[in-house]
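Contents: one structure, followed by commentary.
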Amino acid sequence: MSIQITTRLSGPVLVTGGNGYIASWLIKRLLELGVDVHATVRDTRDPTRTAHLRAAARGRPGTLSLFDADLMDAGGFDRAMAGCHLVFHTASPLIVRDVADPVRDLVQPATRGTRHVLEAVNRTPSVRRVVLTSSVVAIYGDAADLEGMEADRFDESHWNSTSNAHHQPYAYSKTVAERLAWEMAGGQDRWDLVAMNPGLVLGPGLSRHTNAESVLIMRDFGNGYYRFGAPELEFAIVDVRDVAESHLRAGLIPEAEGRHILVSETLSLMDIASILRDHFGDGYPFPRQTVSRVVALMLAPRRRIPQAVARRNIGYPLRFDNRYAREALGMTFRPAAESIVDHFRQLLDDDLVPRARRNSGDARRRLQ
Ligand code: NAP
């Protein structure tokens, strides 16, 4: 199947949450292609959030303009959106651990932010397409959801129906935000909506200053969080560079439509640990054993994992059908091992995880 990607855009494109882990790669790709980018961030004066974007723009054929905008500000996106044909809405709070107030910190910014961005789209006559960064968690809430379903894996027809503001609030925030986006897209016929539904995004970031959940998960492997064993939990992994590329294609392929599961492979925590150990050696506190379900459930509160989340995810397989993104966007997803190794190496290079005290070094490099 031949897929046509057109970069003949007659104006800039907008990326919300431009300094984020995923958005930064997307902006870099757009600038490389000669596309002029308007990016919103919460504070354009904070160099720790913007220096990597300015660096990515240097010497590229596309130009970068930064704008201040907060999701909670109803009129905040109009100036940045003026003249844009294409809007990538990536900004949304991604907090999974220790959410103080799920409604205030997740659901409201995700939904109000989506409403504010799409209301600005409705006021901006040049916009023809919106690419929304949703998530696989708008497709399923807990791995246990797959039990009792006719299908043996999740696909784009499925919607998360088990999360709420108190159980999996981040998943709930993504679900209600994506539903709202489809509803608003259906209320007009000037612009179309294309949704991206990535799994757990891993791979190197462009900025050192990120608390993105993806980075925190990889740091757990280096800081000994799983030293005494890992629960039987599976993650649907996709590389950050492939997520950026998928967004780009969703924006630039005229026929792109609908939702897209962006997942390369599903791996357990122990699979991830094996990949890390094979590559980086034995000197890191990577888990060596799976903790039984009974013990994992007992330990969950100490690890600040709510009991209900532990009960409905530990020990359940997780499966996704990524066929649509491969066929409609022409995507080939990197093997998860590449994302994991590249990501952990970056954490070591940036001193974000302690280096091994013994057997240090890169096992594969040692063998060569
Ligand atoms: P990230 O680096 O934390 O990016 C989140 C972005 O949203 C940041 O730019 C952040 O700005 C912005 N944001 C949060 N609250 C905001 C507010 N009130 N006003 C304006 N901007 C706000 O994480 P990411 O992984 O790149 O996430 C980007 C998108 O991908 C999100 O929609 C997320 O739900 C989705 N996603 C991520 C994953 C994953 O595994 N990482 C998987 C599936 C979907 P600040 O830097 O100022 O906080």
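Here is a check on your reading of the model: is Ala69 open to solvent by less than 50 Å² (accessible area, probe 1.4 Å), more than 19 Å from Ser126 (Cα to Cα), more than 12 Å from the ligand (Cβ to nearest atom) and of a type in the set (Gly, Ala, Ser)?
no
Candidates Arg54, Arg97: the one that is among the basic types (Lys, Arg), open to solvent by 30 Å² or more (accessible area, probe 1.4 Å) and within 14 Å of the ligand (Cβ to nearest atom) is Arg97. Residue count for segment 79-94 under the criterion of being in a loop (DSSP other than H, G, I, E, B) and within 11 Å of the ligand (Cβ to nearest atom): the result is 5.
Considering Ser161, Ser126, the condition of being among the polar types (S, T, N, Q) and farther than 26 Å from Arg304 by Cβ is satisfied by Ser126 alone. Kindly indicate the residue of segment 1-19 that is at pLDDT 95 or above and open to solvent by 10 Å² or more (accessible area, probe 1.4 Å) and also nearest to Leu252 (Cα to Cα) among those meeting that condition. That would be Pro12.
Among the residues of this structure, Thr124 counts as one that is more than 20 Å from the chain's Cα centre (by Cα), closer than 21 Å to Ala195 by Cβ and among the hydroxyl-bearing types (Ser, Thr, Tyr). Within segment 174-223, restricting attention to residues that are within 9 Å of the ligand (Cβ to nearest atom) and either part of a strand (DSSP E or B) or in contact with a strand residue (DSSP E or B) (Cβ under 6 Å, 6 or more places away or on another chain) (or both), the residue that is most open to solvent (accessible area, probe 1.4 Å) is Leu200. Just the residues that are assigned to a helix (DSSP H, G or I) and either open to solvent by less than 10 Å² (accessible area, probe 1.4 Å) or more than 7 Å from the ligand (Cβ to nearest atom) (or both), please, taken from segment 20-41. Correct list: Ala23, Ser24, Trp25, Leu26, Ile27, Lys28, Arg29, Leu30, Leu31, Glu32. Checked against the criterion of being open to solvent by less than 20 Å² (accessible area, probe 1.4 Å), in a loop (DSSP other than H, G, I, E, B) and near the ligand (Cβ under 9 Å from one of its atoms), the candidates Gly113, Gly76 yield just one match: Gly76.
The values are calculated or read from the model by the stated rules, or taken from the named source; none is laboratory data. This structure is a prediction, so every number in the text was calculated from the model and none was measured. Reconstructed Cβ throughout: ideal geometry from the backbone, glycine too, with neighbour counts over all protein chains shown. What goes into the accessible areas is simple: the full protein's heavy atoms, side chains included, and nothing from ligands, DNA or RNA. Shrake-Rupley method; radii C 1.70, N 1.55, O 1.52, S 1.80 Å.
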